[in-house]
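The values are calculated or read from the model by the stated rules, or taken from the named source; none is laboratory data. Predicted, not measured: the structure shown is a model, and the values here were computed from it. Positions of Cβ are generated from backbone atoms using ideal geometry, with glycine treated the same way; all protein chains shown enter the neighbour counts. All accessible areas refer to the heavy atoms of the entire protein, side chains included, with ligands and DNA or RNA removed. Shrake-Rupley method; radii C 1.70, N 1.55, O 1.52, S 1.80 Å.
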Amino acid sequence: MAELKLSETRDLTRIERIGAHSHIRGLGLDSSLEPRGVSEGMVGQEQARKAAGVILQMIKDGKIAGRAILLAGQPGTGKTAIAMGMAKSLGLETPFSMLSASEIFSLEMSKTEALMQAFRKSIGVRIKEETEVIEGEVVEIQIDRPAVSGAASKTGKMTLKTTDMETVYDLGAKMIESLGKEKVQSGDVIAIDKASGKITKLGRSFSRSRDYDAMGPQTKFVQCPDGELQKRKEVVHCVSLHEIDVINSRTQGFLALFTGDTGEIRTEVREQIDTKVAEWREEGKAEIVPGVLFIDEVHMLDIECFSFLNRALESEMAPILVVATNRGITSIRGTNYKSPHGIPIDLLDRLLIITTQPYSEDEIGKILDIRCQEEDVEMSEDAKQLLTKIGHETSLRYAINLITASALNCKKRKGMVVEVQDITRVYSLFLDVRRSTQYLMEFQKEYMFSDGGDANADAMHD
């Protein structure tokens, strides 16, 4: 009997891309802020994760503002991973902005304006509004249509009830149109915003669940509301200060939010918004949610940007600044002076410094395990051990890059599991930094503009 083959269908609407840090789900800490060995995609760096957890707790409590944290360590020691873990642990309510220091030099605005916009994006405002809502179950809708079309507008009556009371409302033409758009019928539970007249369909009443034998999957059953028909409800909106700035800076500011063409925003506009937000805070209408601004490769900023950061951190509207660098003692951009991490001493003094250590061979093995799961690659134990050894002797990033390459090589030879031969094959195809430098030193005379000498020898030792 011929085997029936079903054609495979792929869901093209949801294509997931695997990024360098897509496996990070949090900082991997328990309730007492103690780091677990392997958790939420994080491995090792226990001291750094614990320190980041303490900072995280202070951010959540709102007790820390205008402070800055520096994540310092060698390349490939998980600095960006810790920052991503912090972002995931904070949740959606707390604003988190991320930018690379070199970005601000390529934008069509001044460096300080770009930094100020990044600062304002990282400060949230939770605005509270009280609205009057009519909420009840529709008992009956009567619409009187005029006999001659166009002679007069439609009128009607709608009966709404809760478990305690029942009221008849007169309907105007606009209200009838809204009810028609929402396809409201008797048995639906609806909410009407008194200020705007907006109708929201909450679902169908449980008492009408047996009206029809079959219903669509989107049909939701809810309880009939209790108490008064008219209720006061508190609505909370979360926006960033930058969004308020953009909307108020031009006539069609909300469109600029979608296009990204925000341009430079005048200081007067920002001052007025700060005054208004301060008024709302005093009245209890709004509260400030200090977020996190993460600047990667901070050594790429110049002396002007560092001076601006120094001043901006003193403002009461400042977010938590997290910066990361992999540089040692190096020149401060824009000057001839050298400083630790390429950051001026006065700014370094403000920073709480968290250091990351190089990963051990065992930790590299665990990270490669997680990456294999993330990239959906099945690998034999021997191949994993070889890859771990390569990662320890060259770099973790190089070993991670070999995972997908070896999986493709395995696919080519029609294998199901990545073996040692696949790792060996891609190791010979793709060079790491050390082997590439060695090759350059051997054949440097055949390359253009080759210096030779000590520079290459130094690269070998890095």
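Within a straight-line Cα-Cα reach of under 23 Å, residue 285 can be paired with the following lysines, leaving aside sequence neighbours fewer than 8 residues apart in one chain: 60, 63, 121, 128, 194, 198, 231, 233, 276.
Of the listed peptides 279-285, 428-434, what is their order by residue-averaged count of other C-beta atoms within 10 Å, with the highest listed first? Walk me through the intermediate numbers first.
Numbers: 279-285: 11.4, 428-434: 13.6.
For the peptides 279-285, 428-434, the packing ranking is 428-434, 279-285.
Across region 62-141, Cα-Cα pairs farther apart than 22 Å form 51% of the total. Around the amide H of residue 155, modelled in the peptide plane, lie the amide H atoms of 144, all under 5 Å away and 5 or more residues distant in sequence or on another chain. Taking each residue as 0.36 nm, the span from residue 424 to residue 74 lengthens on full extension beyond its C-alpha to C-alpha distance by 123.3 nm. Sorted on the mean count of surrounding Cβ atoms within 10 Å across their residues, most packed first, peptides 134-142, 437-445 read 134-142, 437-445.
Keeping all protein chains in place, calculate the accessible area per residue for region 320-422 (probe 1.4 angstrom), answer in Å².
Values: 5830 Å² over 103 residues.
Accessible area per residue, region 320-422: 57 Å².
DSSP assigns beta bridges within the chain; of those with both partners inside it, close to 65 percent run antiparallel. Each residue of region 340-350 is assigned a 3J(HN,Hα), and the resulting list reads x, 6, x, 10, x, 4, 5, 6, 4, 5, 7 Hz, derived from the Karplus form 6.51 cos²θ - 1.76 cosθ + 1.60 (θ = phi - 60°), x at Gly and Pro.
Extension gain for residue 164 to residue 272 (0.36 nm times residue separation, less C-alpha to C-alpha distance): 34.2 nm.
When restricted to Cα atoms, the chain yields an Rg and a Dmax of 30.5, 99 Å, respectively. Summarising the amide proton neighbourhood of residue 70: residues at separation of 5 or more, or on other chains, whose placed amide H is nearer than 5 Å comprise 323, 352, 353, 354. Once backbone amide H atoms are built at 1.01 Å from N, residue 330 has 339, 341, 342 as its partners under 5 Å, excluding neighbours fewer than 5 places away on the same chain.
Placing unit charges on the Cβ atoms only, positive for Lys and Arg and negative for Asp and Glu, gives the chain a dipole magnitude near 740 debye about its Cα centre. Using the Cβ-Cβ distance between residue 380 and residue 111 with R0 set to 45 Å, the FRET efficiency from 1/(1 + (r/R0)^6) comes to roughly 0.30.
What does the net charge come to around residue 132 if you take all other residues with beta carbon closer than 10 Å to its beta carbon, with K and R at +1 and D and E at -1? Walk me through the intermediate numbers first.
Values: positive: 194, 231, 232, 233; negative: 130, 193.
Combined, the nearby Lys, Arg, Asp and Glu give +2.
Each other residue within a Cβ distance under 12 Å of residue 388 adds +1 if Lys or Arg and -1 if Asp or Glu, for a net charge of -3. Each of the peptides 408-416, 41-49 was scored by the mean count of other Cβ atoms within 10 Å over its residues; in descending order, highest first, they stand as 41-49, 408-416. Estimated from the Cβ-Cβ distance and a Förster radius of 51 angstrom, the FRET efficiency linking residue 92 and residue 449 is about 0.50. Principal-axis analysis of the Cα atoms of the chain puts helix 303-312 at an angle of about 40° to the longest axis. Ranking 192, 423, 42 by Cα position along the charge dipole of the chain, where only Lys, Arg, Asp and Glu carry charges on their C-beta atoms, puts 192 farthest toward the positive end.
Legend: residue pairs 157/181; 79/111; 157/220, Cα-Cα distance threshold 22 Å; pairs beyond threshold, 79/111; 157/220. Counting only protein chain heavy atoms and rolling a 1.4 Å probe, the accessible areas of 109, 98, 379, 300 rank, largest first, as 98, 300, 109, 379.
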